[in-house]
1. For the peptides 244-254, 178-188, 135-145, what is the packing order when you average, over each peptide's residues, the other Cβ atoms within 10 Å and list the highest mean first?
2. If you take the charge dipole of the chain about its Cα centre, with +1 on Lys and Arg Cβ and -1 on Asp and Glu Cβ, which of Thr166, Leu250, Gly333 is farthest toward its positive end?
3. Over all directions, average the projected area of the Cα convex hull of the chain and note it in nm².
4. Mind putting together the pair-distance distribution for segment 139-283? All Cα pairs, 5 Å bins, whole percent per bin, short to long.
5. Using the Karplus curve 6.51 cos²θ - 1.76 cosθ + 1.60 with θ = phi - 60°, work out ³J(HN,Hα) for each residue of segment 226-237 in order, rounded to whole Hz, and write x for Gly and Pro.
6. Using only Cα atoms and rounding to the nearest 10 degrees, what angle (0 to 90) does helix 175-186 make with the longest principal axis of the chain?
7. Length gain on complete extension for the stretch Leu351 to Glu308, per 0.36 nm per residue less the alpha carbon to alpha carbon distance?
8. Please tell me the relative contact order of segment 234-364 in percent, rounded to the nearest whole number, where contacts are Cα pairs under 8 Å and at least six residues apart.
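The values are calculated or read from the model by the stated rules, or taken from the named source; none is laboratory data. Every value quoted in this text rests on a predicted model; they were computed, and no experiment measured them. Cβ sites come from the backbone with ideal geometry, for glycine too, and all protein chains shown count toward neighbours. We work out accessible area using only protein heavy atoms, side chains counted, and drop any ligands, DNA or RNA first. Shrake-Rupley method; radii C 1.70, N 1.55, O 1.52, S 1.80 Å.
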Amino acid sequence: MDPDERYMWMALDLARRSCGKTNPNPMVGAVIVKGGEVVGTGFHKKAGDQHAEIVALSEAGDKARHATLYTNLEPCSHQGRTPPCTEAILHAGIRRVVLSMVDPNPLVSGQGIRKLKEAGIKVKVGVLEEKARRLNEIFIKYITTKMPFVMVKAAMSLDGKIATTTGESRWISGEKSRKFAHHLRAASDGIMVGINTILRDDPLLTVRLGDEGVANPARIIVDSRGRMPLNSKVVKTARETKTILATTELAAPEKIDTYQEAGVEVLVLPSRGEQVDLQELLLALGEKEISALLVEGGGTLNYSFLNEGLIDKVYFFIAPFLLGGEKAPTPVGGAGIYKLKESWKVQDLELKQLDDDLLIIGYPVRREEVVYRDSGGIGGDIRSATGQR
């Protein structure tokens with residue numbers, strides 16, 4: 001393997017250690033190499049903490065002089081929550097910098113590279129770029145659109161049912177699948193469900209992994225008419241876990257006041273066909289720095305996101321049994337389509353086996369919008385597309 005690629009794989013592996021902890025910042029790893037020896041490594045642990053380059057430079061110390069720095073994202077050159085990394089790189093005497101990709105932030109893109117080159121440092125860009133872009137797909141979507149990266153998760157039977165005809169749904173997926181789903185929650189900034197899910201299941205919508213220090217993401221309930229019961233679990237625990245109600249002018253003002261008194265944050269948004277305008281909702285969530293959104297349905301909400309082209313990624317768990325029932329709910333409800341050519345193709349598929357369950361991960365696009373994408377990303381091994389381990 002090319003040495004630059006080998007060390008960049010190390011940087012990518014380091015970056016992944018902070019999955020879900022750096023939002024809305026990117027996941028970044030850094031490796032410093034001198035004379036064929038790794039003399040410093042680091043990764044960005046959480047938003048507001050030291051950047052990967054600073055950690056690696058600190059570990060390398062004087063050995064950083066005339067060394068090569070590998071990192072999966074262009075070093076910052078501006079003062080944000082932390083000082084600019086380019087200044088530290090110059091001060092340390094790094095001779096060469098190898099990058100996967102340019103910072104997609106339009107306000108700073110390319111400035112770090114320019115500053116390094118102006119100082120006489122050799123810069124190489126594009127090493128494992130597709131892998132790096134997929135690793136930071138959430139950050140790229142958020143920083144370029146100010147909207148969250150939308151992931152839809154659903155568990156279903158082999159014949160595509162998410163519950164029986166009587167509404168029983170616990171548990172369709174197995175224990176290992178449920179644990180994986182909680183890891184998805186932990187890596188997200190927000191979990192979203194529709195009001196029907198609250199009325200039917202009364203979920204708590206928290207992360208249950210047994211790990212100390214794992215923060216619960218914000219809970220977002222889409223409820224255009226303010227029907228969420230005051231005795232529901234999400235309302236009763238709203239002062240413990242951030243809870244947001246996305247509603248419209250169709251909700252009674254006195255009901256909104258009651259929710260707010262219980263600790264629920266209420267967003268009154270424009271309606272579209274008597275439903276919450278999802279585009280406006282995503283923009284509002286983006287303003288709150290919710291960059292990774294996990295939508296857990298149900299079928300009506302999932303279809304609304306799909307129909308408006310707002311889903312970036314899907315995680316479908318399939319359990320090995322059949323439920324049947326013409327009226328049994330499916331993961332995507334709504335009006336559906338009339339012709340196959342109007343369908344959404346799910347591409348870049350990744351298949352995992354979780355005990356007896358199968359997990360299918362993919363990216364839905366309209367048939368006319370289908371383009372090639374490299375595989376990998378959250379929940380998958382970023383090397384799986386190449387077969388490297």
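1. 135-145, 178-188, 244-254
2. Gly333
3. That works out to 20.7 nm².
4. 2, 9, 16, 19, 20, 17, 12, 4, 1
5. x, 9, 4, x, 5, 9, 6, 4, 5, 6, 5, 10
6. 70 degrees
7. Value of the extension gain: 12.9 nm.
8. Once divided by the residue count of segment 234-364, the mean separation gives 19 percent.
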